[in-house]
Amino acid sequence: MVWLLCAILAFIIVILMMPIIFAGEIKATKDRDPAARNNVEILLLYPGLHAVICYRITHWLWKRRIPFFPRWLSQTARFFTGIEIHPGASIGKGLFIDHGMGVVIGETTIVGDNVTLFQGVTLGGTGKETGKRHPTMGNNIVVGAGAKVLGNIQIGENSYIGANAVVLKDTPPNTTIVGVPGRITKQEGRKLDLLMDHIHVLDPVSQNLRDLHKRVQDLENMNNRGNQESEK
Ligand SMILES: CC(C)(COP(=O)(O)OP(=O)(O)OC[C@H]1O[C@@H](n2cnc3c(N)ncnc32)[C@H](O)[C@@H]1OP(=O)(O)O)[C@@H](O)C(=O)NCCC(=O)NCCS
């Protein structure tokens, strides 16, 4: 009987401590979701927060090489939240998962600080790799609903990945990536692709080739003008 009372007391203390232990995650939710009203609502109604809390526990157990239990716990959390975070993933501070359903974060994923994921996001493998096979995400990244980031690739910090994009290659910091396969449309706040449609999206390499082509044309024009003037 005493043991039961102690267990209930410990449980209540842990619940009361939640707002302190997970202050970073609660603040992230408040800052990034205009619909979030107060801490109680956030603690009770946000499956993204529940999944992250559960992940912190499973990751702690995973690092101590506890067998089976961390994965069982993460699958249980998936059952209730629709969000699957492998206990082996490394996740920084202030992760905010909005709506949540269908989010998958693979075992060797590394997520920086202040990252936002919407529903349906996969940070996964291509299915062809072993070892480090999931993405490394920098700080301050927003990944839109349904986007897939696949393989052992690096996504630079302060980036936006558009809804439903499929990103398969490294991307530099401060970029916006949209489409399938993902293409950079904005870098350092500058539009790279003025003729963008959902299929014919340029990438930085073709942009550089275009610039080079234009320079060669300019040089040829200059040369022609010089020849004409010398003929006169
Ligand atoms: C990509 C995104 C972050 C916007 O980033 P941004 O840097 O402000 O980019 P812009 O809005 O200037 O768009 C740049 C270009 O990409 C296009 N674009 C934007 N989002 C796109 C997407 N998801 N897929 C394809 N193209 C997209 C725009 O039409 C624009 O094209 P244009 O240059 O021909 O006009 C945003 O559109 C997005 O997808 N956010 C995800 C939000 C989300 O998932 N919400 C779910 C809430 S439940």
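The values are calculated or read from the model by the stated rules, or taken from the named source; none is laboratory data. Nothing here was measured: the structure is a model prediction, and the numbers come from that model. So basically every Cβ, Gly included, is an ideal-geometry build from the backbone, and we count neighbours across all protein chains shown.
Brief remarks on what is shown
- Residues within segment 1-23 that are within 17 Å of residue 45 (Cα to Cα) and small (Gly, Ala, Ser), tallied: 1
- Any hit, segment 113-126, residues being touching a helix residue (DSSP H, G or I) at 6+ places or on another chain (Cβ under 6 Å) and over 29 Å from residue 34 (Cβ atoms): no
- Residues (within 12 Å of the ligand (Cβ to nearest atom), under 10 Å from the mean Cα position of the chain (by Cα), without any contact (Cβ under 8 Å) to a residue 40 or more places away in the chain and not in a strand (DSSP E or B)) located in segment 117-143: 121, 141
- Residue within segment 144-151 that is in a loop (DSSP other than H, G, I, E, B), modelled with pLDDT of 95 or more, on the phi > 0 side of the Ramachandran plot and more than 12 Å from the ligand (Cβ to nearest atom) present: yes
- Single residue of segment 28-52 satisfying the filter (aliphatic (A, V, I, L, M) and buried (at least 18 other Cβ atoms within 10 Å of the Cβ)) that is nearest to residue 72 (Cα to Cα): 51
- Residue 100 meets all of the listed conditions (1) within 29 Å of residue 174 (Cβ to Cβ); (2) modelled with pLDDT of 95 or more but one, namely (2).
- Number of positions in segment 74-101 that are in contact (Cβ under 8 Å) with a residue 40 or more places away in the chain, surrounded by fewer than 16 Cβ atoms within 10 Å (Cβ to Cβ) and not charged (D, E, K, R): 2
- Flag if residue 119 is modelled with pLDDT of 95 or more and within 15 Å of residue 49 (Cα to Cα): yes
- When segment 99-116 is filtered for residues that are under 19 Å from residue 87 (Cβ atoms) and in a strand (DSSP E or B), the ones remaining, listed by number, are 103, 104, 105, 110, 111.
- Condition met for residue 71 (over 24 Å from residue 159 (Cβ atoms), at pLDDT 95 or above, touching a Phe, Trp or Tyr at 6+ places or on another chain (Cβ under 9 Å) and surrounded by fewer than 21 Cβ atoms within 10 Å (Cβ to Cβ)): yes
- Yes/no for residue 168 being more than 16 Å from residue 138 (Cβ to Cβ) and either surrounded by fewer than 11 Cβ atoms within 10 Å (Cβ to Cβ) or at pLDDT below 80 (or both): no
- Matching residues in segment 29-57 - criterion: being assigned to a helix (DSSP H, G or I) and of a type in the set (Gly, Ala, Ser): 48, 51
Residues are listed down the side, and each one gets a yes or a no for (1) crowded, with 16+ Cβ neighbours inside 10 Å; (2) in contact with a Pro (Cβ under 9 Å, 6 or more places away or on another chain):
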position	(1), (2)
128	no, no
133	yes, no
138	yes, yes
152	yes, yes
162	yes, no
173	yes, no
188	no, yes
